[in-house]
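Read the figures in this text as sums done on the coordinates, not as results from a lab. Bear in mind that the values here come from a model prediction, so they are computed numbers and not experimental data. Cβ sites come from the backbone with ideal geometry, for glycine too, and all protein chains shown count toward neighbours.
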Amino acid sequence: MTHILLVEDDPAIAMSLKVTCKREGWQITWLDNASGVLPFLKSDQAQDLSAIILDVGLPDGDGLSLCQQIRHDSELGSLKDIPIIFLTARSDEVDRILGLEMGGDDYCAKPFSPRELVARLKAVWRREQLSSQYKESDKTIDDAGLVSQSPVSYTYSSGDWHYQPLNYSLTWDGQKLELSNTERKILLALLQAPNQVFSREQLLNAVSDYPDHRLARTIDSHIKSIRKQLAIVDPSRDVIYTHRGLGYALCPA
């Protein structure tokens, strides 16, 4: 059974979401505070968890900071990469940008329809392959939306790239890159069309089923983070080229 962690301090919203999710046949664990999230994620109860629905404004903490803690907590193992969808009553675009930059996969602005949230969860799972009911028989749907039954390799003069869809591992010249879900999707899009210039809007489309093009500037922050990871492997090479006013391209040469 699909297991969702709901972190929301408003009982009315929580009850509505619990009813909707249970209609989908999903198991719901509800927490109304931030302090209980990390202990729960490190317990045996969380081993089958498929996603986290996380309120940004919690009475004892900030959902954005909590998301960042999850993404960087090595004790969580594979759970640190679990899809996180924010619930936010804030209309400020800056808050939504921060949420995505801190590792969120999507967000719903309050007030929202529970059915919309369910649709967003399903879209995230289609991308991330975290639920077998959203897989296509024995095939693997990779992050770029392509159907693949085996690892994918890209060889350019700039180095060898290898992507393993089953565990989302992307390596460059034999070294694994520590990327967020969004960063991995951006780099995979660039890898499949080297030398092609991708606009911010195109890259946003590649990483989200529900792109908000007002947030296209978040791509700049993700590219900066990707470059930092690449520099750890080889600081002498910058293989992502910025085309000012246009976008970004992978430079295979």
Full-extension gain in nm, residue 24 to residue 242, via 0.36 nm per residue minus C-alpha separation: 74.1 nm
Between residue 193 and residue 220, how many nm apart are label points set 7 Å from Cα along the C-beta direction? 2.2 nm
With R₀ set to 25 angstrom, the calculated FRET efficiency between the beta-carbons of residue 155 and residue 227, to the nearest 0.05, is 0.75
Exposure proxy order (Cβ contacts within 10 Å, fewest to most) of 88, 155: 155, 88
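Take the alpha carbon gyration tensor of region 15-94, find the square roots of its eigenvalues, order them as a ≥ b ≥ c, and report rounded if a/c is under 1.5; if not, report prolate when a/b exceeds b/c, else oblate. Write out the running numbers ahead of the final one.
Numbers: a/c = 1.66, a/b = 1.02, b/c = 1.62.
Oblate.
If you add up the charges near residue 227, with Lys and Arg at +1 and Asp and Glu at -1, over every other residue whose beta carbon is less than 12 angstrom from its beta carbon, what do you get?
Working: positive: 224, 228, 237; negative: 183, 220, 234, 238.
Summing Lys and Arg as +1 and Asp and Glu as -1 gives -1.
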